[in-house]
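Contents: one structure, followed by commentary.
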Amino acid sequence: MVPVGVEIKETEVSDEDFEEMKRFVRDYLAASVESEDDGGRMRWYPWHSSSYRFNHILNVVDLATEIADAEGADVDVVRVAAVFHDVAKLEAEQDVHAEAGARVAREYLQSRGNYPESFIEEVCGAVVDHSYTGDLADVPLESRCLIEADVLDKVGANGAVLMLLRMGYESRTHMDAAKMVDRVLQRAHDHTDRVVSDSAESIAHQRIKRVKWLREWLEEEVSRMDSEGVTDR
């Protein structure tokens, strides 16, 4: 007999099933742009490519799983929602990509495996919620974990490198590197103000510390080059 008050977990997503979900999402993203000229709209920015988008999704899966585990959320719901959250990012307009992604997730989960409808509803709800910009106290815990993970991937070392890559597309020189990293720091502080869980705040502060180190090194070395009159050859 199951003791009174002990919750029976109805859904468990096996590692094999989850790996299949990741393969599906990777292939879906690639197919979303393969027929578009020059890689599709705005694909000249690396972060709009299918490979970058999939890497972002994997980062969010890891972060969301860590936060969900620490906060007592349903880890299966969170990690499945995380893997599907941007599946439609490259084929749908930004303002509706969350809803489009939820439709893809629903079709996948209903056609593969034997997932309870309640589980599917929670996953799709979190996918829709991930683009929510309001108070995180107003969304379910699983949605909050996903939102926090999504914003945290935009800060830290990963966010700093992406911002530096952007310099080339904007015809900037290395002399602007510290200023560009300042943008990452500002965004990091904005996101930290938004997250509410202790685990997400801890991750945010760790990532901000890394960006501050990079900012200090850039300012010291690039400023010295500038003061000594060193130029690119």
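The values are calculated or read from the model by the stated rules, or taken from the named source; none is laboratory data. These figures come from a predicted structure and were not determined experimentally. A quick note on method: Cβ atoms are made from the backbone with ideal geometry, for glycine too, and the neighbour counts reach across all protein chains shown. Only protein heavy atoms, including side chains, enter the accessible area calculation; ligands, DNA and RNA are left aside. Shrake-Rupley method; radii C 1.70, N 1.55, O 1.52, S 1.80 Å.
Contact annotation: residue pairs with Cβ atoms under 6 Å, 6 or more positions apart or on different chains, pairing a residue in the stretch 77-106 that is modelled with pLDDT of 95 or more with a partner that is open to solvent by 70 Å² or more (accessible area, probe 1.4 Å), are Val77/Glu122. For the stretch 164-183, a residue qualifies if it is of a type in the set (D, E, K, R), more than 23 Å from Asp150 (Cα to Cα) and at pLDDT 70 or above, and exactly one does: Lys179.
Residue under question is Ala70, and the condition is that it be buried (at least 18 other Cβ atoms within 10 Å of the Cβ) and modelled with pLDDT of 90 or more; does it hold? Taking the combined requirement at face value, the residue does not satisfy it.
Need pairs with beta-carbon distance below 8 Å; first residue on the phi < 0 side of the Ramachandran plot and within the stretch 201-215, second open to solvent by 50 Å² or more (accessible area, probe 1.4 Å) and assigned to a helix (DSSP H, G or I); sequence gap 6+ or separate chains. Listed pairs, sorted by first residue: Ile203/Glu66; Arg207/Ala157; Ile208/His189; Arg210/Ala157; Val211/Ala157; Leu214/Ala157; Arg215/Asp182. Search the stretch 184-221 for residues being modelled with pLDDT of 80 or more and of a type in the set (Lys, Arg), and hand back the single one that is most open to solvent (accessible area, probe 1.4 Å). If we take residues in the stretch 184-221 being modelled with pLDDT of 80 or more and of a type in the set (Lys, Arg), then Lys209 is most open to solvent (accessible area, probe 1.4 Å).
When restricted to residues that are farther than 20 Å from Ser143 by Cα and within 18 Å of the chain's Cα centre (by Cα), the stretch 189-209 contains 5. Among all residue pairs at least 6 apart or on different chains, which show Cβ distances below 6 Å where the first residue, located in the stretch 140-164, is more than 11 Å from Ala200 (Cβ to Cβ) and among the charged types (D, E, K, R) and the second is at pLDDT 95 or above and part of a loop (DSSP other than H, G, I, E, B)? The qualifying pairs are Glu142/Ala73; Glu142/Asp74. Total residues in the stretch 139-163 satisfying the condition of being modelled with pLDDT of 95 or more and open to solvent by 50 Å² or more (accessible area, probe 1.4 Å): the figure is 2.
With the structure loaded, tell me whether Asp38 is in a helix (DSSP H, G or I), surrounded by fewer than 15 Cβ atoms within 10 Å (Cβ to Cβ) and at pLDDT 95 or above or whether it fails that test. Taking the combined requirement at face value, the residue does not satisfy it. Only a single criterion out of (1) more than 24 Å from Gly159 (Cβ to Cβ); (2) modelled with pLDDT of 95 or more; (3) open to solvent by less than 40 Å² (accessible area, probe 1.4 Å) is not satisfied by Glu16, namely (3).
Scanning the stretch 108-138 for residues that are buried (at least 19 other Cβ atoms within 10 Å of the Cβ) and either out of contact with any helix residue (DSSP H, G or I) (no Cβ under 8 Å at 6 or more places or on another chain) or farther than 16 Å from Val80 by Cβ (or both) yields one hit, Leu136.
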